[in-house]
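Since the structure comes first, as structure tokens, the remarks are kept for the end.
The values are calculated or read from the model by the stated rules, or taken from the named source; none is laboratory data. The structure displayed is predicted, hence computed values, not measured ones. When we count neighbours, we look across all protein chains shown, and the Cβ atoms used for this are built from the backbone with ideal geometry, even at glycine.
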Amino acid sequence: MDAWIAFARGPLLKIALLTMLLGLIRQGLLQVWEISWAFHRAGDQVVPWKLAIRRNLEWLLPWRYLRRKERITYNFISFLFHVGIISVPVFLAGHVAIWRESFGIGWWTLPPALADWLTVMTVSAAAALLLMRLGHQASRRLSQPQDWLLPILCAFPCVTGFFVAHPFLNPINAQVMYLFHLLSAELLLMIVPFSKLVHIVLFWVSQPSTELGWRFPPGSGERVRATLGKGEEGV
Amino acid sequence: MQVHSQSLPQLSPALLAKLSQPKLTPEKIQERLSYIIEKDRVPDDLPRRFLEAFAAVLQHTNYRQVIDNYARIPARCANCSCACQIYQQTHDPKDVPCYRSNLLLEAYRRHFTLRGIVEGHLKGTPYLTDDLILEMAESYYHCTACRRCSLECPLGIDHGLVTHIARYVLSEIGLVPRALVISTREQLEGATHNTSAIPWAAIKDTLEFLEEEIKDDKGIDLTFPVDHEGAEFLFFAPVSDYLMEAETLMGIATVFYAAGDQNRWTISSQFLDGINYGLFYNDWVLEKCLRLEVDQLKRLGAQKILIGECGHASRSAKAFMKTFGGGKKAPPVVNIMEYTWRAWKDGKIRLRPGAIDERVTYHDPCNIARTGWIIEQPRELLRAFCSDFVEMEPHGVWNLCCGGGGGTVSVDEIRPYRTGVTGVKKAEQIRATGAHYVVAPCANCKKQLREVCEDNGLSDVEVVGLHDLIYRALILD
């Protein structure tokens, strides 16, 4: 068991982190490259970058959807879920200790009690989001397998991590639970670039991307028609 | 993984062969699409042709980067359904903007990303079928492209843009409402160069008649300036105004007269129609229409494009003139409401307070208000001469569409859908105001709202343009 844990905590963790980081960097760079190319071709190069970024930022805080009548609870829970799923893995004292141990870097950590509450909140929020997806006709019908699986995959490391931090509540062997925690977290990290979790980076460019989408290259319509062999055709 | 390079992957012969197996007969396609296709022009090999058109569009436009982004990030949270007045009416999951967008995004994912292509090979079936393309055609023309849902997407997906792209691809394989394509053909290639096929002689007669009407009403000698060289503004109204919205034109002409700006504007006799259906279905058409406007501007030595009361004509010129009209050197685009508001603010025109006693409300055309372009100016004008002005809720950026946006108002065959589904929430909104006048500064909105009121028991409501009422309130010395 110790060997498994050492492998999961050592090389596998590095592989998982590297997969996520390289995948996200690749997606981010490709998207920035595509946007730059679109900008280069656009006939109108006056792009309201600040406005586009501001629109992105507005969605980070809940005030935007508090103004409407529907789905306030869903969105607020989603906000809480994001707060938890980002803050706990990044600022948990145990995690920062691993960073110090492995890479020699560290940062501010959450007080343990607050981390506990945030973990409970995140798991509860994931469950609530799933139930609310199930209960909303439109969302339920739209959902694809990853929409159901990802909240569970996100919650799993939180649950196992909570038991690792509180061994007296742990119903199974502590080392097995720790291994589950490591493996589930690593699985989650590795699928980030290949699932909709890639919005971690693509979210930041979606509004600028939209702006460029509406900025056409002059003559593009003519070139599309020429490619399709319709150059001489009328309307 | 995405297939990144400036050229797109070659579509494999095996895939194209699979896609070329027709499943629906031309008669069946004609029957299902009815108004979204020209008679006897049913395209064959729909999936293959769709994919080729999609590939060409992705290659030559700026859409691929945005389609790729949207295809990867959707949360499928259905927040957009809260903003969509069509879904709110039907509660059909197929009317959720995210569902509609996914039809095209999935086609992109399956056929233009490595992961999708591998998935397709493993499954052994192509994503695109005749049925799916017909569903796309129906779905994307059920959408009014009002873009209200784009305000609600936490991930920044503009479903209006996806609708625009999908319609563009569909139009390149001949799937476009007959009403739009026939009008556009007349505008770009016909003898009259306008979407309603009105000969210049008839328009000239109309203008002379309106001049007489104004003289009778107001006692002023006013002429509609035609082909005046060197005027500051070249005026483009939707051509339907010359037939059906005479009071709007009279109001605009009288504002110029009252402001002492008779010589600052002109109409071109060669191309006067501001309608630009390209915004609704095809970028080539969009560019052609705007270039015709610029040609007239150069011919007459004018400096600015002035658009009349028309939402899509205003947006297509305002948003795309820089693209097709010379970048930073492109002529500025001004909407008539901006001009009138400025003239009023500068004290060049005066409006009689209390000129309109009946209750008045204002409808924000999506193409003018959704981006926050013109919202307060018309309200300030209305408050200046209406004693009982009330707002619709919601309004401004968050307004509800008239229900006939995205060119659907021009399709008479779907009037029951427009007034019985897409326009119902608007009817409820109007009813709640108790207004007698609904001011809609857009030719399409006016037509749609009149039909909405007629079909939803709002017989006391009168739909008018902003300048129709300004005409009544103007103080002429």
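Some points to look at:
- Scanning region B:275-296 for residues that are closer than 13 Å to B:M321 by Cα and away from every other protein chain (no Cβ under 14 Å) yields B:E293, B:D295.
- Of the residues making up region B:325-354, not one is in contact with a Pro (Cβ under 7 Å, 6 or more places away or on another chain), touching a residue at least 60 places away in the same chain (Cβ under 8 Å) and among the small types (G, A, S).
- Residues in region B:191-201 that are touching a residue at least 24 places away in the same chain (Cβ under 8 Å) and either part of a helix (DSSP H, G or I) or surrounded by fewer than 12 Cβ atoms within 10 Å (Cβ to Cβ) (or both): B:W200 only.
- Hey, B:D364 within 19 Å of the chain's Cα centre (by Cα) and in the same structural domain as B:W398 (by TED's automatic domain parsing) or not: yes
- Considering (1) closer than 20 Å to A:P145 by Cα; (2) surrounded by fewer than 18 Cβ atoms within 10 Å (Cβ to Cβ), the lone condition that B:T90 does not fulfil carries the number (1).
- Residue within region A:150-161 that is over 21 Å from the mean Cα position of the chain (by Cα) and either more than 14 Å from chain B (Cβ to nearest Cβ) or in contact (Cβ under 8 Å) with a residue 24 or more places away in the chain (or both) present: no
- Region B:279-296 residues that are on the phi < 0 side of the Ramachandran plot, paired with ones that are basic (K, R) (beta carbon under 7 Å, 6 or more apart): B:L279/B:R315; B:F280/B:R167; B:Y281/B:R167; B:W284/A:R225
- Residue count for region A:208-233, restricted to those that are within 7 Å of chain B (Cβ to nearest Cβ), within 12 Å of B:H60 (Cα to Cα) and either surrounded by fewer than 24 Cβ atoms within 10 Å (Cβ to Cβ) or of a type in the set (S, T, N, Q) (or both): 8
- Test: residue in region A:185-207 that is over 14 Å from the mean Cα position of the chain (by Cα), of a type in the set (S, T, N, Q), within 14 Å of chain B (Cβ to nearest Cβ) and within 30 Å of B:G174 (Cβ to Cβ): no
- Restricted to helices (runs of 4 or more DSSP H) entirely inside region B:365-477, those with at least 3 residues that are closer than 30 Å to B:P177 by Cα are B:366-369, B:424-433, B:443-455.
- Answer residue from region B:322-347, given it is more than 27 Å from B:L292 (Cα to Cα) and surrounded by 15 or more Cβ atoms within 10 Å (Cβ to Cβ) and is nearest to the other protein chains (Cβ to nearest Cβ) among those: B:W341
- Qualifying position, being surrounded by fewer than 17 Cβ atoms within 10 Å (Cβ to Cβ), within 9 Å of chain B (Cβ to nearest Cβ) and touching a helix residue (DSSP H, G or I) at 6+ places or on another chain (Cβ under 8 Å), among A:R140, A:R133: A:R140
- Candidate set from region B:64-93 (those that are more than 28 Å from B:Y417 (Cβ to Cβ) and not in a helix (DSSP H, G or I)); member that is farthest from the other protein chains (Cβ to nearest Cβ): B:A75
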